[in-house]
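Worksheet for the structure shown next.
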Amino acid sequence: MNTNAAADEKQITDIWRKYLAGVEHHRVKNMYRRDERCWHFYNGDQWYGMSQGGQELPMENIIKPILKYKVGTVATNDTTIVFSAMTDNPVLLGICDELNQFGVQVWEQTRMDVLKWQIIKAAAITGDSYLYCYDARPDSEAVVSDRTPRTEVRVVDRSSVYLGDEQEQDIQAQPWIILAERRPVSQIRKWARQNGVAEEEIDKIVSDTKTDTKLNSSEAEEVRTGDGKCTSLVYFELVDDPAQPGARMLRFSRSTEQVIWQEPKDVPGLDVYPVAQMRWEDSPNSARGISECEALIPNQIEINKTLARRSLIVKRYGYPTAVYDAEKIVNPSALQKVGATVRARNLANSPISSVIQYLEPRTTSGEGAALQAELIQQTRELEGAGDSATGQIDVTKTSGEAIKAARDQSAMVLNDQAAAYKGFVEQLARIWYKLWCAYSTDGMEFAYRDADGDTGMLKAIITPQALAALDMQIKIDVSPADPYSILSQQTSLDNALAAGHITFEEYVEALDANSPVPAAKFRKILEARKQQAQTAQAVPQAAVGGTQNAMQSMQM
């Protein structure tokens with residue numbers, strides 16, 4: 001069915017027409033079905049949509065452990081956002097330090113340590129994933145009075161993201177971006193009234209059943225309360241800023257099928273789309289990524305089919321089968337029950353074994369088991385997720401350095417994904433900074449904790465002039481944070497201290513925040529020693545001063 005032709009019968013918005021073009025692209029690429037299939041296979045529902053003959057067929061999920069290993073390897077890269085200014089101006093450098101501390105707070109407040117696992121996992125399963133960022137402060141005048149940014153983020157399924165150019169890999173070069181979401185009709189109508197939409201237009205905001213474009217969603221699964229739900233679109237595009245020739249700014253609006261319930265609004269100073277993308281693996285001339293899960297599905301299907309065949313053969317031929325004389329056994333069904341009494345007749349002094357016999361189980365070929373084991377082993381090894389890589393070794397019999405070396409060797413195949421995640425965080429950091437500048441027209445004001453954590457909360461006030469003068473270059477520092485790397489670093493420090501190459505003070509200073517050694521307690525001990533030494537040094541000086549004064553009095 002041509003969705004555009006059907007839509008022409010209604011008076012739909014231009015935004016909705018672009019959305020329908022995106023839906024048509026997704027259908028041609030079979031994106032909705034493919035993404036749903038990938039999630040089913042990852043979650044273990046691998047016989048979904050297939051006739052099982054009334055049985056629960058067995059399966060052996062190799063996709064989930066492979067992807068868990070790869071996602072974990074990428075996600076355990078600890079990332080730190082560092083804002084650095086392209087200048088030697090000490091004032092601007094100080095502002096960068098304050099922004100770095102504020103960035104740490106925003107990372108924690110938005111729960112990015114949790115969300116990054118969702119983003120990386122979704123990219124591995126479907127090929128790419130998206131994070132939508134926005135400032136939660138009210139519009140216009142209220143922003144001026146509230147100078148503390150309130151950054152919020154939301155993970156968006158890739159099938160709910162529609163791009164203006166599906167061949168453009170740079171998301172910031174897209175002509176437009178649409179985010180589709182399902183919202184209660186009553187909520188959309190309420191927001192429309194707040195935006196001054198006429199009641200006759202609000203009446204056109206009605207529920208719909210367009211759920212086939214949402215992942216794992218159907219009309220039957222939605223909670224039907226009140227007026228139901230409808231599809232609402234958030235439309236973004238970058239346009240020229242008339243106030244600054246050569247500059248661009250974000251324009252966004254919101255629409256249902258027939259009503260633009262939030263008119264286009266310009267955000268001067270925000271010259272980036274507030275959407276960060278992570279692609280698991282690039283595909284030439286495609287804005288979308290390549291799924292790690294989808295490539296494993298054929299092998300997974302063959303493994304499951306082989307296991308099901310083996311299970312069926314064992315059920316049929318792997319156990320003794322009773323053969324009996326139907327004329328002499330009264331209750332043959334008792335032969336299938338444990339401890340049941342079997343009634344016989346007309347034996348004529350013949351033994352019961354003369355009317356009941358058991359066929360011995362057939363010996364089955366081991367080819368099926370060998371094929372299944374080979375498929376599992378070869379698939380895992382070719383994916384770089386064998387036993388040694390996934391940590392299925394005895395760590396008590398292997399040194400931390402050896403484990404780290406083996407892990408680093410096997411993780412080399414994920415260098416592209418680690419770089420993709422680093423690029424995603426770089427996108428996120430730039431979007432955050434642009435949001436802070438665009439929505440803080442009267443400057444920024446926030447509290448932060450100093451890097452040492454000793455002087456409590458500090459207050460930063462950044463003027464709009466300083467924000468405008470700050471030419472930012474965003475740099476991401478990535479360091480491994482897995483247990484074996486931490487163990488290796490800690491062992492090196494311990495050895496250096498034991499050999500006398502560093503002092504205890506230098507040892508404590510070199511400890512990381514994630515070190516198993518209680519660095520904070522050691523710092524308190526060193527600080528207490530320092531204060532005691534200063535006190536001890538002050539007492540003799542006071543005593544000497546008192547003696548000198550007494551001698552001077554005697555001479556007088």
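Figures for the structure shown
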quantity: Surface accessible to a 1.4 Å probe, residue 84 within the full protein complex, Å²; calculated: 40 Å²
quantity: Over region 105-218 - Rg/Rh using Cα atoms and the Kirkwood inverse-distance radius; calculated: 1.01
quantity: Highest-first arrangement of 85-93, 488-496, where packing means the average Cβ count within 10 Å; calculated: 488-496, 85-93
quantity: All lysines inside 26 Å of residue 116 as judged from Cα atoms, apart from same-chain residues fewer than 8 positions distant; calculated: 64, 68, 70, 214, 404, 422, 434, 475
quantity: Per DSSP, loop trypsin sites (Lys or Arg not before Pro) in region 327-388 with at most 16 further Cβ within 10 Å; calculated: 337, 343, 345, 362
quantity: Translational diffusion coefficient (Stokes-Einstein; Kirkwood radius from C-alpha pairs) of region 1-117 at 20 °C, 1.002 mPa s, in µm²/s; calculated: 107 µm²/s
quantity: Region 93-187: relative contact order in percent, alpha carbon pairs under 8 Å with at least 6 residues between; calculated: 20 percent
quantity: Sparse-neighbour loop sites [GluC sites (Glu not before Pro); region 16-57; at most 10 other C-beta within 10 Å; DSSP]; calculated: 56
quantity: Region 307-370 and region 65-82: distance between their alpha carbon centers, rounded to Å; calculated: 54 Å
quantity: Centre separation in Å (Cα based) which lies between region 155-186 and region 199-213; calculated: 20 Å
quantity: Prolate/oblate/rounded call for region 324-389, Cα gyration tensor, a/c under 1.5 rounded; calculated: prolate
quantity: Efficiency of FRET from Cβ geometry, residue 362 and residue 152, R₀ 56 Å, rounded to 0.05; calculated: 0.30
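The values are calculated or read from the model by the stated rules, or taken from the named source; none is laboratory data. Please read all numbers here as calculations on a predicted model, not as lab measurements. In this analysis, Cβ positions are derived from the backbone assuming ideal geometry, glycine residues included, and neighbour counts consider all displayed protein chains. Each accessible area value is taken on the protein alone, full model and side chains, heavy atoms only, with ligands, DNA and RNA left out. Shrake-Rupley method; radii C 1.70, N 1.55, O 1.52, S 1.80 Å.
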